[in-house]
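The values are calculated or read from the model by the stated rules, or taken from the named source; none is laboratory data. From a predicted model like this one, the values you see are computed outputs, not experimental measurements. Cβ atoms come from the backbone with ideal geometry, glycine included; neighbour counts cover every protein chain shown. Accessible surface is based on the protein model in full, side chains and every heavy atom, while ligands, DNA and RNA are left aside. Shrake-Rupley method; radii C 1.70, N 1.55, O 1.52, S 1.80 Å.
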Amino acid sequence: MDIPIDQLQQMADRAGLGLNRQELEELKPIYDLYAAYAAQLHDIDFGAEEMVVEFHPDWPEA
């Protein structure tokens with residue numbers, strides 16, 4: 001996923017980051033990398049399964 005620099009500028013401006021053009025040029029490859037990872041996550045089809053996240057600490061039973 002390759003975002004145009006102008007669109008990245010608009011997103012940064014809306015977020016109030018105040019980045020200049022050089023900072024955006026440095027940020028863009030990182031943004032593109034993580035956007036590709038996010039797209040992969042969004043493409044996963046879990047079907048009709050119910051998902052549950054549980055935490056089981058390894059504490060000894062009292």
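For the chain, the 222 nm mean residue ellipticity estimated from helices alone, with every DSSP H stretch of n ≥ 4 adding -39500 (n - 2.57) and the total spread over all residues, rounds to -17500 deg cm²/dmol. Please compute, over every Cα-Cα pair in the chain, the percentage with a separation greater than 19 angstrom. Within the chain, distances greater than 19 Å cover 55 percent of Cα pairs. With the highest mean first, a sort of the peptides 20-27, 49-56, 37-44 on other beta-carbon atoms found within 10 angstrom per residue produces 20-27, 37-44, 49-56. On a 0 to 90 degree scale, rounded to 10, what angle separates helix 21-43 from the longest Cα axis of the chain? Tilt of helix 21-43: around 40 degrees. Towards the positive end of the charge dipole of segment 1-57, with charges on Cβ (+1 Lys, Arg; -1 Asp, Glu), say which of ALA15, TYR34, VAL52 has the farthest Cα. The listed residue farthest towards the positive side: ALA15. Counting protein heavy atoms only, the chain has 56 percent of its accessible area on carbon and sulfur, 1.4 angstrom probe. Mind giving me the FRET efficiency for GLN10 and LEU41? R0 is 35 Å, r the Cβ-Cβ distance, nearest 0.05 is fine. FRET efficiency, GLN10 to LEU41: 0.90. Only the Cβ atoms of Lys and Arg (+1) and of Asp and Glu (-1) were treated as charged; on that basis the dipole of the chain about its Cα centre amounts to roughly 440 debye. With protein chains left intact and a 1.4 Å probe, residues in the chain average 93 Å² of accessible area per residue.
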